[in-house]
Every structure is written in C-alpha cells, then in structure tokens.
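This report refers to the structure that appears directly beneath it.
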Amino acid sequence: MTMVERDLVIIGGGSAGMAAAVAAYDAGIHDILLLERNEMLGGILNQCIHNGFGLQYFKEELTGPEFLTRFVREVEARSIDYRLGANVLSISIDKVVSYVSALDGAVEVKAKAIVMAAGCYERSAGSIGIPGDRPAGVITAGQAQLYLNEYGYLVGKKVFILGSGDIGLIMARRMTLEGAKVLGVAELMPYSNGLNRNIQQCLIDFDIPLYLSHTVTNVIGKAKLEAIEISQVDESFNPIPGTEKRFDVDTLLLSVGLVPNNDLLDKMGIPKASTRGSQVNDNLETSIPGVFSCGNVLHVHDLVDYVVDEGRVAGLGAAKYLKGELEPSSDILLTKAGEGISYVVPARIERDHCDDSVVLKFRVRKPRKDVYIVYSQGDTVLKKTFKTAIIPSEMEIVKLPKNLLIAGEPLTVSLVGKEAK
Ligand SMILES: Cc1cc2nc3c(=O)[nH]c(=O)nc-3n(C[C@H](O)[C@H](O)[C@H](O)COP(=O)(O)OP(=O)(O)OC[C@H]3O[C@@H](n4cnc5c(N)ncnc54)[C@H](O)[C@@H]3O)c2cc1C
C-alpha cells in the first residue's frame, strides 16, 4: 500500500472542510490534502438548489450550488490539493489516514494534523419505530431531494411527510412545485423542528397542513406504499386511540433527524458529546492533540454560515497546532448544559489558548418565551441575557469575554423564566 506524508489531512470536502482548508492555507499551512468521497466538492449543498444560503457570510441570498462554487474557487485559487472519489476508511491513533479511490488505489497518509469534516446522515426508515412494513415509497427526505435535484426523478405523486425538520419542509415545497400533491406533514412534538421561515415559505404559502403532536401509526402496502395512517399523540407521545386519519399516498418522506457521521473519530476512542459528535475544546480540538472536528460531524447546524465559521476555527486551530502554538493546557474549564439546554459546544475551554473571547454554541430543549439565558460558574453569574422567544431549531451562539471566566467550576448555560404556553 502507498504511504505518503502530509502536514494536514482534511476529511470531507463540504462547506466545513473547504473553509478549514482555506483558513489553514491562509495561516501558512500549504501541505494540505482534502479528501472527498463524492465526485464533487460541496457536500450536501450540491443538492440544496433552494435559496437561503450565505445571508450572513456573503450578505446575499444564494442557492446551495452558488454558495459552494464560491468556496471551490477559493480552494482552487490556492491550489489546495484535493482528491475526489476518495473514501476514508479509518484513522489510527497516530494519525494515519487510510483511504481508497479509483485513481490512487489504497493509500495511507501519515498526517501531522487532521480536520474531520464528514457531515451528517439522515435517520433512516429502518431506524425509527413506526409500525408496518417499509415498502417502496418510504424514503428519507434528503434521499428524495438527491433524486429530484441531482438526478431529475420525482419519487412520487401523492406524498405525506413525517417530521417537520428543514429538509422535510423544503421537500414539501419542492415536490409541490414539481407537480406532486403533498397531503400533510406530521410532527411528533407540539412544535415544528424547522426554521420559522421554512414553515411559512414551504407549508403555509402552499396550504400544506402541519399536524403537530401527530405521528405515523401505520404504513400500509406490501411491495409498494398504498396508504399511511397518522394519530394524535398524548404528552408521553403515545398514540391516542380514535384519532386515526388515513391518507392514500404513494410516498412517505421521513425527515426525522440528522446524526453526525462521526464513526471514524468514535473508533479512535475520542469521547463523545451528547450531540453524537466528539467532545472538543474552544479550538475544536478533540482529546487527541492535532485532531480537530467541525461542521455537521461535530453537531448538526441550521445555517451554512455557522458551518463555515466553524470550519475556519478548526483550520486555524490545526495551523496553530502545526506551528507548535497549542501546547497541552493546564487551565481547563468544562462546560455544562443546565436547565432547559440540550447541549453546549465546546465541551471544554482552555483559557491559555483562547483569544479575547470564547464562543459557545447551544440549543434549547423546547420552545420557551420570556426567558433569561444565564451563564454561570458555581454561584457566580457571568452574564444574563433576556429573550422573548427561543426555539430548538435555531442554534444559539454567544461570545463571552475571556476575562469573565474564572478557574475551577464548570461554565453552565441554563434557562430561567416562564414556560411557553
Ligand atoms: C436539506 C438541507 C437544507 C438546508 N438548508 C439550508 C439553508 O437554507 N440555509 C443554510 O444556511 N443552511 C442550510 N442547510 C445547512 C447547511 O447547508 C449544512 O449544515 C452544511 O452545508 C453542512 O456542511 P458540512 O461540511 O458540515 O457537511 P456536508 O455538506 O455534509 O459535507 C460533508 C462531506 O464529507 C464527505 N464525507 C463523509 N464521509 C467521508 C469519508 N469517510 N471520506 C471522505 N469524505 C467523506 C461527504 O461526502 C460530504 O461531501 C441545509 C442543510 C440541509 C441538509
């Protein structure tokens, strides 16, 4: 097997991986190898032909392909070495990255630093607990988006969607525009999991009903989907007998969650966070020095602009590591998700390595109104901000000045206030 050496290997050529490559290059690291298993750079953005990308980063509303093209140009302008069709199979603890590609065959790359940017995958039909068979016509929303937007196939004509995540909402509009009839979207929770703008632009504008506190309770059809049944659920998410509604459909799209594609780092024994990505510090470095993680493989993002920022942080972190500027830290603070918060990234802050401020990203567990977000260490409140409304589908980002942080106690983020009615 061929063995080569590289300063920096980046796994995944989506927006996170490309942003990491550009940032590391601009920080003086030029011996970079970017590995992408698909035949194009850009990742999930290739199939997202709707607009809404880049509002923060470019101050323009771009489609996914327009957004990614700008980054591909940045990569190519710097002559950063990338391989397409290169599937990374494993990474050893001593940073040997093994990949296969039709062009190169089986290759081992001894890397001095690694940025993991492998994105996320959709929960599939087999992994969710709805009764009935899985006949043809039961398909994930992202897969349907790929068929339609990249290969030109409309997967069905009469459609129902389970889950109100953004991909499901966007596909409700997309399938309608292509001539399919979308009969409804069922959501288990009493609120939608998608961005508010997508509820308006993809459902309300097209008169597509959203059934909150509902789930699919039967999938009918053997070889081909014929119908589905939905039921209302109670507060414990149990179906309420007598509330069944039947929809005769040929397609059930599942939009029931994205999971970080983090197996390669999990197999290295890197501790996992509740996001199902790896635990990282404020430079996005994992527990293995020189191994960084960013983008949807670290935690699932709502906006590509934040993914790009995170890719930059990981790329700069890798550059600092390669220049010997990230010695092991002796001044570590852990972060903690307190009341009402589902997770906080990063898992730890290394005060001696961070700049003037520390960026925390987190999501709330459920929608709340008129709440304070409280940042505290023990009994000391470092900062408190008021929000009239806060929802799980929108990631929160806050910058805390480094000089506020005190040694010792974990930095806890929590919500204090009234529950949403
Ligand atoms: C349907 C949908 C709609 C969205 N809509 C919007 C929107 O309107 N506005 C917005 O701002 N954001 C939107 N987003 C969010 C944003 O686009 C994504 O969060 C972002 O593009 C993710 O970037 P990433 O680089 O982390 O992951 P990805 O784009 O998934 O890239 C990961 C890359 O890693 C590669 N890879 C994985 N494993 C390996 C391996 N073993 N070896 C080699 N390569 C590997 C994959 O092939 C892929 O190319 C949307 C996301 C989705 C899914």
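The values are calculated or read from the model by the stated rules, or taken from the named source; none is laboratory data. Since this is a predicted model, take the numbers as computed values, not measurements. Cβ coordinates were reconstructed from backbone atoms using ideal geometry, including for glycine residues, and neighbour counts include every protein chain displayed. Surface areas here come from the heavy atoms of the whole protein model, side chains and all, with no ligands, DNA or RNA. Shrake-Rupley method; radii C 1.70, N 1.55, O 1.52, S 1.80 Å.
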Original post:
Which of the residues that make up the stretch 114-143 are over 29 Å from ASN238 (Cβ atoms), in contact with a helix residue (DSSP H, G or I) (Cβ under 7 Å, 6 or more places away or on another chain) and of a type in the set (Gly, Ala, Ser)?
Top reply: ALA117, ALA118, GLY119
Subject >> Search result, residues across the stretch 325-377 that are of a type in the set (S, T, N, Q) and either within 23 Å of the chain's Cα centre (by Cα) or over 24 Å from ASP305 (Cβ atoms) (or both) >> reply: SER329, SER330, THR335, SER342, SER376, GLN377
**OP:** Working only within the stretch 132-173, note down all residues that are hydroxyl-bearing (Ser, Thr, Tyr) and either part of a helix (DSSP H, G or I) or open to solvent by 40 Å² or more (accessible area, probe 1.4 Å) (or both).
**Re:** TYR147, TYR151, TYR153
Subject >> Only one of LEU34, LEU8 that is within 11 Å of the ligand (Cβ to nearest atom), open to solvent by less than 10 Å² (accessible area, probe 1.4 Å) and at pLDDT 95 or above >> reply: LEU34
Original post:
Out of GLY221, GLY163, GLY194, which single residue is touching an Asp or Glu at 6+ places or on another chain (Cβ under 8 Å), within 16 Å of ILE130 (Cα to Cα) and within 16 Å of the ligand (Cβ to nearest atom)?
Top reply: GLY163
Original post:
Which strands (runs of 3 or more DSSP E) sit wholly inside the stretch 236-324 and have at least 2 residues that are more than 16 Å from the ligand (Cβ to nearest atom) and open to solvent by 60 Å² or more (accessible area, probe 1.4 Å)?
Top reply: 245-247
**OP:** Just give me the residues in the stretch 397-421 being open to solvent by 50 Å² or more (accessible area, probe 1.4 Å) and within 24 Å of the chain's Cα centre (by Cα), in sequence order.
**Re:** ILE397, LYS399
**OP:** Mind listing just one residue for me: the one in the stretch 188-207 that is of a type in the set (D, E, K, R) and at pLDDT 95 or above and, of those, least open to solvent (accessible area, probe 1.4 Å)?
**Re:** ASP205
**OP:** Would you check if there is a residue in the stretch 342-350 being in contact with an Asp or Glu (Cβ under 6 Å, 6 or more places away or on another chain) and touching a residue at least 60 places away in the same chain (Cβ under 8 Å)?
**Re:** yes
**OP:** Name the single residue, out of those in the stretch 378-396 being part of a strand (DSSP E or B) and open to solvent by less than 70 Å² (accessible area, probe 1.4 Å), that is farthest from ASP305 (Cα to Cα).
**Re:** THR380
Subject >> Enumeration of residues in the stretch 102-125 that are within 13 Å of the ligand (Cβ to nearest atom) and acidic (Asp, Glu) >> reply: ASP104, GLU122
**OP:** Considering only the stretch 345-360, state which residues are open to solvent by 20 Å² or more (accessible area, probe 1.4 Å) and assigned to a strand (DSSP E or B).
**Re:** ARG348, SER357, VAL359
Subject >> Residue check, TYR99 within 12 Å of the ligand (Cβ to nearest atom) and open to solvent by 40 Å² or more (accessible area, probe 1.4 Å) >> reply: no
Original post:
Which pairs have Cβ atoms under 6 Å, sit 6 or more apart or on different chains, and link a residue in the stretch 240-251 that is modelled with pLDDT of 95 or more to one that is part of a loop (DSSP other than H, G, I, E, B) and acidic (Asp, Glu)?
Top reply: ILE240/ASP234
Original post:
How about the stretch 67-95: which of its residues are without any contact (Cβ under 8 Å) to a residue 40 or more places away in the chain and more than 12 Å from the ligand (Cβ to nearest atom)?
Top reply: THR69, ARG70, ARG73, GLU76, ALA77, SER79, ASP94
